[in-house]
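Inspection log for the structure reproduced underneath, given as structure tokens.
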Amino acid sequence: PFQKDLYMQTHHQFQKVWDQAKTGTAKALAYGFVSHNDSWGADSTAHHAGMTTYGLTEGYVVAKAKELSTLAPLPANLGIPPDAALELYHYFVESGVDLLVKRLDPSIGDKMITSALRRSREFPYLLVRAYSADLAPYFGSPGDAAKAITAAEKEFRKTTILYGQALLQDEGTALNLVSEQMADLSEKFLSAYNIPAPPKEQTIQLIAFYITVAMTLCESDYAQEI
């Protein structure tokens, strides 16, 4: 329930962050946050209505994830259920597009790092004011929710910096680094389904394979979609 509510709050109640932004730097941050929303922003074209091949019937990432699942099924011996598998394909596609964007803009990694290092100190307070009251039931109080939100934002910035550093490398190295990061996350993801993760090196190799196939599927139309 918490994950579902959190998704709904941040992806559909995005206006709350904008409403809290009073200064120029805060509004710039809020603009970036709002532009990602799932109602009519970047996530809406990824999840609901793609701008290219799939018209208004399906999101770009969702459609590509389904295509990838048909083209390259996960090994049956992993025992991953269909709903979890489709979510993994979603991540493979998004990571593949990230690496393709690096071809369009080789400095994208540096921009990610800079955005995380130099983001205004106002931003976590914007998130707290926007969401702490709604998330308080999950943490016991608005104060505890505020602490959790602040900690999550800090952790996300760390992840963004690491991801940016990966995208600064040549494509092959970037692929391996992104696959390593995803392998760490996949262990937690699979544990939620009580599925043991394969050995780390095998997981990295599998992820790199699926991201590479995703890149092949997306390289003809990802730029137009963006």
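The values are calculated or read from the model by the stated rules, or taken from the named source; none is laboratory data. Treat the numbers as computed from the prediction; the structure is a model and nothing was measured. Every residue, glycine among them, receives a Cβ derived from its backbone with ideal geometry; neighbour counts consider all protein chains shown. We work out accessible area using only protein heavy atoms, side chains counted, and drop any ligands, DNA or RNA first. Shrake-Rupley method; radii C 1.70, N 1.55, O 1.52, S 1.80 Å.
For the range 83-172, give the magnitude of the charge dipole about the Cα centre (Cβ charges: +1 Lys/Arg, -1 Asp/Glu; no others), in debye to the nearest 20.
520 debye
If you put +1 on each Lys and Arg Cβ and -1 on each Asp and Glu Cβ, how big is the dipole of the range 1-87 around its Cα centre, in Debye rounded to 20?
Using only the charged Cβ atoms, the result is roughly 280 debye.
Give me the extension gain from His36 to Glu171: residue separation times 0.36 nm, minus the current Cα-Cα distance, reported in nm with one decimal.
That pair, His36 and Glu171, stretches by 46.0 nm at full extension.
Set the bar at 29 Å for Cα to Cα. Now go through Lys66/Lys158; Lys102/Lys147; Lys158/Lys188 and name every pair that lies beyond it.
Result: Lys66/Lys158; Lys102/Lys147 exceed 29 Å.
Tell me, what HN-Hα J-couplings in whole Hz come from the Karplus equation 6.51 cos²θ - 1.76 cosθ + 1.60 at θ = phi - 60° for each residue of the range 130-147, using x for Gly and Pro?
Listing the rounded values in order: 6, 10, 4, 5, 6, 8, 3, x, 7, 10, x, 6, x, x, 5, 5, 4, 4 Hz.
For the chain, what is the accessible area per residue in Å² when the probe is 1.4 Å?
55 Å²
What angle, in degrees between 0 and 90 and rounded to the nearest 10, separates the Cα long axis of helix 2-12 from the longest principal axis of the Cα atoms of the chain?
Once rounded, one gets 80 degrees.
Compute the acute angle (0 to 90°) between the alpha-carbon long axis of helix 82-104 and the principal axis of greatest extent of the alpha-carbon atoms of the chain; round to the nearest 10°.
Computed tilt is about 80 degrees.
Ignoring ligands, DNA and RNA, what percent of the 1.4 Å accessible area of the range 107-219 is carbon and sulfur?
Carbon and sulfur atoms account for 58 percent of the accessible area of the range 107-219.
For the pair Arg103 and Glu58, what calculated FRET efficiency results from E = 1/(1 + (r/R0)^6), where r is the Cβ-Cβ distance and R0 = 25 Å, to the nearest 0.05?
After rounding to 0.05, the efficiency reads 0.50.
For Asp221 and Leu6 in the same chain, what is the full-extension length gain: residue separation times 0.36 nm, less their Cα-Cα distance, in nm?
Length gained, Asp221 through Leu6: 74.3 nm.
What distance in nm separates the simple spin-label points at Asp110 and Leu78, each placed 7 Å from Cα in the Cβ direction?
The modelled label-to-label distance comes out at 3.5 nm.
Roughly what angle does helix 60-71 make with the longest principal axis of the chain, taking Cα atoms, 0 to 90 degrees, to the nearest 10?
30 degrees
In a shell of Cβ-Cβ distance under 13 Å around Lys102, excluding Lys102 itself, what net charge do Lys and Arg (+1) and Asp and Glu (-1) give?
Result for the neighbourhood of Lys102: -4.
Is it possible to state the helix-based mean residue ellipticity at 222 nm for the chain, with each DSSP H run of 4+ residues giving -39500 (n - 2.57), the sum divided by total residues, to the nearest 500 deg cm²/dmol? What is it?
The helix contribution divided over the chain gives -24000 deg cm²/dmol.
Set Lys and Arg Cβ to +1 and Asp and Glu Cβ to -1, take the dipole of the chain about its Cα centre, and tell me which of Ile204, Val17, Ala46 lies farthest positive.
Value computed over the given set: Val17.
Rounded to a whole number, what % of the accessible area of the range 6-47 do carbon and sulfur atoms account for, probe 1.4 Å?
63 percent
Ordered by residue, what ³J(HN,Hα) values in Hz, to whole numbers, does the range 195-207 give under the Karplus form 6.51 cos²θ - 1.76 cosθ + 1.60, where θ = phi - 60° and Gly and Pro are x?
Coupling constants for the range 195-207: 10, x, 6, x, x, 3, 5, 5, 4, 4, 5, 4, 4 Hz.
Which one is right for this structure if Rg and Dmax of the Cα atoms in Å is calculated from it: [x] 17.2, 57; [y] 18.3, 54; [z] 18.0, 59?
Comparing each candidate, only [y] matches the computed number.
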